[in-house]
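The values are calculated or read from the model by the stated rules, or taken from the named source; none is laboratory data. Treat the numbers as computed from the prediction; the structure is a model and nothing was measured. All Cβ positions, even for glycine, are placed from backbone atoms using ideal geometry, and neighbour counts span all protein chains on display.
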Amino acid sequence: MKNSLINFFKHESSTGILLMVMTVIAMIVANSPLKVFYDSFLNTPVAVVIGDLSIAKPLLLWVNDGLMAIFFFMVGLEIKREAVEGELQDPKKVAVPAMAAIGGMLVPALFYVAFNYANESAIKGWAIPSATDIAFALGILSLLGNRVPPVLKLFLLTLAIIDDLGAIIIIALFYTSGLSYLALFVVAVMIIILWWMNRSNVTNNTAYVLIGIIMWIATLKSGVHATLAGVILGLFIPIKDNKESFQALEHSLHVPVNHFILPLFAFVNTGINFAGITIKDFTDTVTLGIVTGLFLGKQIGIFLFSYIAIKLGLGKLPNGVSWRELYGVAILGGIGFTMSLFIGSLAFECNGDSCFNLVDERMGILIGSLLSGVVGYLYMRAVIAKK
């Protein structure tokens, strides 16, 4: 039993499976007599007070603003590693997945806008279908075993990393409010310190993390979303003269992030209560915009922009990969889930007594991601030859 659990957590599909299980549990709990406890859990007040500094938020926001900053820290480390010694350092290798990522963000957003351009409140969610959940997408590919060419997984991984970078830029530019210039000044000072430490070849990761915590608090108070502090910190951790320590740090984050933080995030954000839901909720423009954006927009955007990049000579089709297999990856790119839920929580967050109907947003994400996952798996299983 113990060995089975260890093998499960080592498998790359384990994160996607855990996310799926926690989502199902959240929806069961939210539609049972346990709902009152679920709501109480999400709204549990948690406060950290140090002198005059106070951070008081319900547990839900500690997960979304705090724990998810650790996830974004890991994303920052992954981007740094790929840029310094991985796929992102070779322009020829990165051109096609980069174009695919751009198409995979642009076309889904256009699908969403087409349904919601006349609704001032709903239009705020335009970026929701632009994200790809790498854990789910790679997890589904792994279910096909060694039938999947390694270069195809690498293409999807590179695409998803660039997609994450695009999502980070979108969050920074479009989902900030009520800026505090004093707090932003503190953030700027912390970034300068991190830059100086990096330039001075400081290799003590603990020192970087301590500065990062101060930067996270200042970012939280600034009006810019606090998770961006995690990305910035990850990009400043040195790697060239600090390779073993960098790898150890990145590796140490995989288990807590993939097997605790992301499943907990799914649990607290997907507890949809179906009481009173009608056909109208499924045909709402927000739901339709997200579903079509994820399921249709993603596959069209990723494949079309990949095709354009290859025909323009910017890059070439990965060796041993057919156009049919590339299209299968494009379908799997429509699994938004984690990042889509996160952007949705920013786009439609409650503001005082005004709160957008979150059911539409989460239903669309779940339906669009489920369609992309199931269809993508069945399609890939049909087109990839057995090996």
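Can you tell me which residue is surrounded by the most Cβ atoms within 10 Å (Cβ to Cβ) among those in segment 77-120 that are under 19 Å from Asp163 (Cβ atoms) and free of Cβ contacts under 8 Å to residues at least 12 places away in the same chain? Applying the filter and picking the extreme gives Gly86. When Gly334 is tested against the conditions (1) modelled with pLDDT under 90; (2) within 30 Å of Leu61 (Cα to Cα); (3) outside any helix (DSSP H, G or I), the lone failure is (1). Only a single criterion out of (1) among the hydrophobic types (A, V, I, L, M, F, W, C); (2) at pLDDT below 85; (3) under 29 Å from Val374 (Cβ atoms); (4) over 18 Å from the mean Cα position of the chain (by Cα) is not satisfied by Val96, namely (2). Could you count how many residues in segment 264-281 are under 16 Å from Thr15 (Cβ atoms) and either at pLDDT 90 or above or not in a helix (DSSP H, G or I) (or both)? Result for segment 264-281: 3.
Looking across segment 175-195 at every residue that is within 26 Å of the chain's Cα centre (by Cα) and of a type in the set (Val, Ile, Thr), the one that is modelled with the highest pLDDT is identified as Ile191.
Of the residues in segment 231-248, none is within 16 Å of the chain's Cα centre (by Cα), of a type outside the set (A, V, I, L, M, F, W, C) and farther than 24 Å from Met197 by Cα. The residue of segment 293-331 that is surrounded by the fewest Cβ atoms within 10 Å (Cβ to Cβ), among those that are assigned to a loop (DSSP other than H, G, I, E, B) and among the small types (Gly, Ala, Ser), is Gly313. Across segment 30-49, which residue is farthest from the chain's Cα centre (by Cα) among those that are exposed (fewer than 14 other Cβ atoms within 10 Å of the Cβ) and among the hydroxyl-bearing types (Ser, Thr, Tyr)? Restricting to residues being exposed (fewer than 14 other Cβ atoms within 10 Å of the Cβ) and among the hydroxyl-bearing types (Ser, Thr, Tyr), the top hit is Ser32.
Return yes or no: is Asp163 acidic (Asp, Glu), at pLDDT below 85 and either within 14 Å of the chain's Cα centre (by Cα) or over 24 Å from Val329 (Cα atoms) (or both)? So Asp163 fails the test. You will find that of Ile162, Ile211, Ile171, Ile217, the residue that is of a type in the set (A, V, I, L, M, F, W, C) and touching a His at 6+ places or on another chain (Cβ under 7 Å) is Ile171 and no other. Just a yes or no: is a residue in segment 274-284 buried (at least 18 other Cβ atoms within 10 Å of the Cβ) and either within 25 Å of the chain's Cα centre (by Cα) or under 26 Å from Met380 (Cα atoms) (or both)? For segment 274-284, residues buried (at least 18 other Cβ atoms within 10 Å of the Cβ) and either within 25 Å of the chain's Cα centre (by Cα) or under 26 Å from Met380 (Cα atoms) (or both): present.
Taking the criterion of being among the small types (Gly, Ala, Ser) and either assigned to a helix (DSSP H, G or I) or over 17 Å from Leu220 (Cβ atoms) (or both), the residues of segment 29-56 that qualify are Ala30, Ser32, Ser40. Ile290 meets each of the listed conditions (1) over 22 Å from the mean Cα position of the chain (by Cα); (2) of a type outside the set (S, T, N, Q); (3) surrounded by 14 or more Cβ atoms within 10 Å (Cβ to Cβ) apart from (1).
Looking across segment 109-120, just one residue is at pLDDT 90 or above and not in a helix (DSSP H, G or I), and that is Tyr117. Given the criteria over 14 Å from Leu366 (Cβ atoms), surrounded by 21 or more Cβ atoms within 10 Å (Cβ to Cβ) and of a type outside the set (S, T, N, Q), does Leu262 qualify? Yes: the conditions hold for Leu262. Highlighted here are the helices (runs of 4 or more DSSP H) found entirely within segment 202-258 that include at least 2 residues which are more than 19 Å from Ala83 (Cβ to Cβ), in contact (Cβ under 8 Å) with a residue 24 or more places away in the chain and touching a strand residue (DSSP E or B) at 6+ places or on another chain (Cβ under 9 Å): 205-222. You will find that of Ile140, Ile162, Ile123, the residue that is buried (at least 16 other Cβ atoms within 10 Å of the Cβ), free of Cβ contacts under 8 Å to residues at least 12 places away in the same chain and assigned to a helix (DSSP H, G or I) is Ile123 and no other.
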